[in-house]
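Taking it in order: structure first as structure tokens, then the write-up.
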Amino acid sequence: MANWQPVPKKKKMLLVGPVPPPAGGVSIHLWRLKHLLSDQFEIDLVDESRNIKPAFFNIRQKKFLTYWKKIAWSDFLFIHSGLNTLRFFHILSAKLLGKKIVMTLHAYPEEKSGINRWLDERLFSWCDVIISVNAEMLERVSLPMHKTFVQYAFLPPVMEEEKELPQKVQQLLSEQKAAGKKIIVSNAWRLDRFNNQDVYGVDMCIAAVQKLKAAGIPVHFIFNIATIDMFGPAYEAYQQEIKSNGLSDSFSLINEELSFVKLMEQADLVVRPTNTDGDSLSIREAIFLNKPIISSDVVKRPEGTILFANRNQAAFEAILLKVLQDGNQGAVTIASNSYDYYKSYYTNLLGTI
């Protein structure tokens, strides 16, 4: 009779951060991470999104007893919060309940004051593992080297599990392609501002399309805003600008719950003219799909990205025109890491805590 051996017990992970929808870089990363590791760990979620979904517990419901019960159930927290108040709250709660802590820093602004940075460094050092999505952020905040790892935010999309595009978006694509137009796409979580400028460069894109249309270059630009929130007036102002400049047949500013990777799959060109950034998921997805991707040089970008000087409208328009004329000629093809590579990386890293 063969010796009976018990099945190894899975560690319990409490994954904390925004759950899509709306779809943003962090929420997509979190959702793909859950999918990637679901057979390696028992996983529960704490959602931080403003969009409260019946299927998931949301920290904004302020049911703190339920929240602490979830922490007590877990072996470790894996924190993906964007707000420092939430990061601190999760770290303190986990510490008080004697749990291990893993945190991914998806962004860390340069303009943080010295006292705030000092406080961050003290509290972040309580984590057992800290993942930074790029090396530049680690120059802005000093963290224990033995706990800190750099791993960009990209995880390969599981294309068969991505939702099909909404009917009206698919119809828009079909009509514009039938008219012989090149499709350009971009996206934003919402219409935030930084340095008194549009973070995601919607204004730059509208101005560039106006220039392309005047030059007789047939394009249709689709810019999806994942969530409007308190930025309704800005959204409507951009819609009015598009209309008053006669660009309604060349520029669609939309607010749809959609898979941006599915939209990129049907595009000729992807752009990301952001004036601040972490490690952009959209850029790595575009490279993964072998789509030409134009981006600002505000942070170090992955190999294969076509760069222009941050907030330089003339440079943006010049490179946009060149890529539209040349297609994807000369673009660097990147050998993407396999799905199994990422599963192995995170399983091994989390297995050390």
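The values are calculated or read from the model by the stated rules, or taken from the named source; none is laboratory data. Since the structure is predicted, the reported quantities are computational estimates derived from the model, not experimental observations. Cβ coordinates were reconstructed from backbone atoms using ideal geometry, including for glycine residues, and neighbour counts include every protein chain displayed. Remember, those area values only see protein heavy atoms, side chains included, never the ligands or the DNA or RNA. Shrake-Rupley method; radii C 1.70, N 1.55, O 1.52, S 1.80 Å.
For residue 188, what is the net charge nearby, where nearby means another residue's Cβ is under 13 Å from its Cβ and Lys, Arg count +1, Asp, Glu -1?
Details: positive: 190, 193, 272; negative: 192, 198, 203, 229, 256, 277.
It works out to a net charge of -3.
Using θ = phi - 60° and the Karplus form 6.51 cos²θ - 1.76 cosθ + 1.60, what ³J(HN,Hα) does each residue of the range 348-353 get, whole Hz, x for Gly and Pro?
5, 5, 6, x, 7, 8
Explain nothing, just the number: relative contact order of the chain, from Cα pairs under 8 Å at least 6 residues apart, as a whole percent. Walk me through the intermediate numbers first.
Details: 575 pairs, mean separation 51.1, N = 353.
Reported as a whole number, the value is 14 percent.
For residue 62, give me every one of the lysines with a C-alpha distance below 16 angstrom, ignoring sequence neighbours fewer than eight places off in its own chain.
53, 70
Using +1 at the C-beta of Lys and Arg and -1 at the C-beta of Asp and Glu, which of 55, 22, 66 has the Cα lying farthest in the positive direction of the dipole of the range 6-70?
66
Write out the trypsin sites (Lys or Arg not before Pro) in the range 159-228 meeting two conditions: DSSP loop, and at most 15 other Cβ atoms within 10 Å of their Cβ. Write down the numbers at each step before the final one.
Numbers: sites: 163, 168, 177, 181, 182, 190, 193, 211, 213; in loops: 163, 181, 190.
Of the trypsin sites (Lys or Arg not before Pro), the ones in loops of the range 159-228 whose Cβ has at most 15 other Cβ atoms within 10 Å are 163.
Rounded, prolate or oblate for the range 192-327? Axes are the square roots of the Cα gyration tensor eigenvalues, ordered a ≥ b ≥ c, and the cut-off for rounded is a/c under 1.5. Can you show the working numbers first?
On the way: a/c = 1.33, a/b = 1.13, b/c = 1.17.
Judged from the Cα gyration tensor, the range 192-327 comes out rounded (a/c under 1.5).
At a 10 angstrom cut-off on C-beta neighbours, averaged per residue, how do the peptides 229-241, 130-142 rank from highest to lowest?
Put in order of decreasing packing, that is 130-142, 229-241.
By a straight-distance test (C-alpha under 18 Å), which lysines pair with residue 322 as possible cross-link partners, with residues fewer than eight away in the same chain excluded?
List returned: 181, 182, 211, 213, 291.
So the label point goes 7 Å from the Cα of residue 203 along Cα→C-beta, right? Which residues of the range 215-245 then have their backbone N under 16 Å from it?
233-242, by backbone N distance to the label point.
Just need the relative contact order of the range 279-323 here, percent rounded to a whole number, with Cα pairs under 8 Å and 6+ apart. Can you show the working numbers first?
Numbers: 42 pairs, mean separation 13.3, N = 45.
For the range 279-323, the relative contact order is 30 percent.
What residues have an amide H closer than 5 Å to that of residue 297, excluding those fewer than 5 places away on the same chain, when H is modeled at 1.01 Å from N in the peptide plane?
Sorted by chain and number, the residues that satisfy this are 308, 310.
Would you mind checking 69/147; 9/147; 177/262 for any pair whose Cα atoms are more than 23 angstrom apart?
Working: 69/147 27 Å; 9/147 25 Å; 177/262 16 Å.
Beyond 23 Å between Cα atoms: 69/147; 9/147.
What trypsin sites (Lys or Arg not before Pro) in the range 10-99 are in a loop by DSSP, with at most 11 other Cβ atoms within 10 Å of the Cβ? Kindly include the intermediate steps, with their values, before the conclusion.
Working: sites: 10, 11, 12, 32, 34, 50, 60, 62, 63, 69, 70, 87, 95, 99; in loops: 10, 11, 50, 62, 63, 99.
Within the range 10-99, the qualifying trypsin sites (Lys or Arg not before Pro) (loop, at most 11 other Cβ atoms within 10 Å) are 62.
Which net charge results when you count Lys and Arg as +1 and Asp and Glu as -1 among the other residues whose beta-carbon is under 10 Å from that of residue 30?
Numbers: positive: 32, 34; negative: 47, 48.
Neighbour charge sum, excluding residue 30 itself: 0.
Among 143, 108, 88, pick out the residue whose Cα is farthest towards the positive end of the charge dipole of the chain, where Lys and Arg carry +1 and Asp and Glu carry -1 on C-beta, about the Cα centre.
Final value for the positive-end residue is 88.
Roughly how big is the range 177-296's charge dipole about its Cα centre, with Cβ charges of +1 (Lys, Arg) and -1 (Asp, Glu), in debye to the nearest 20? Could the numbers behind the result be given before it?
Values: 12 positive and 14 negative charges, 97 e Å.
That gives the range 177-296 a dipole magnitude of about 460 debye.
Over the range 96-240, average the accessible area per residue using a 1.4 Å probe and give it in Å², no decimals. Provide the component values of the computation, followed by the final result.
Numbers: 7070 Å² over 145 residues.
Per residue, the range 96-240 has an accessible area of 49 Å².
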